[in-house]
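Report on the following structure.
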Amino acid sequence: MRNSSPSVANGRSGAACGGSPSWLARLRDRCSSMLRGGRRMCGIPDYQTYLAHHRQHHPERPPLSFEAFFRERIEARYGGRNGNSRCC
């Protein structure tokens, strides 16, 4: 009968397969960085970056909610209430 454990099935231990937490943390950081870069290229605002900046530079003021932040960024990009649109 074969052992179906993933760490033993291929004859390697979890550490030999790169299963260490530091490897997973690096992979998670790399994927997160790529996702942020892709969002930036498409013009999608990054709320987590906004919160980090706000905590560091404006600790005396409360941050915007996600909805208010997103609405403000979209209005700044596409014109919003004042009717000034960058499109066409």
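Quick check: is even one residue across region 64-75 of a type outside the set (F, W, Y), modelled with pLDDT under 80 and surrounded by 10 or more Cβ atoms within 10 Å (Cβ to Cβ)? No, because not a single residue in region 64-75 is of a type outside the set (F, W, Y), modelled with pLDDT under 80 and surrounded by 10 or more Cβ atoms within 10 Å (Cβ to Cβ).
Cβ separations smaller than 9 Å between residues 6+ apart or across chains give the following pairs from region 36-60 residues that are more than 20 Å from E75 (Cβ to Cβ) to residues that are basic (K, R): Q48/R36.
All of R26, R86, R81, R55 fail the test of being at pLDDT below 85 and either in a helix (DSSP H, G or I) or among the hydroxyl-bearing types (S, T, Y) (or both), apart from R81.
The values are calculated or read from the model by the stated rules, or taken from the named source; none is laboratory data. A quick note: this is a predicted structure, and the numbers were derived from the prediction, not measured. Positions of Cβ are generated from backbone atoms using ideal geometry, with glycine treated the same way; all protein chains shown enter the neighbour counts.
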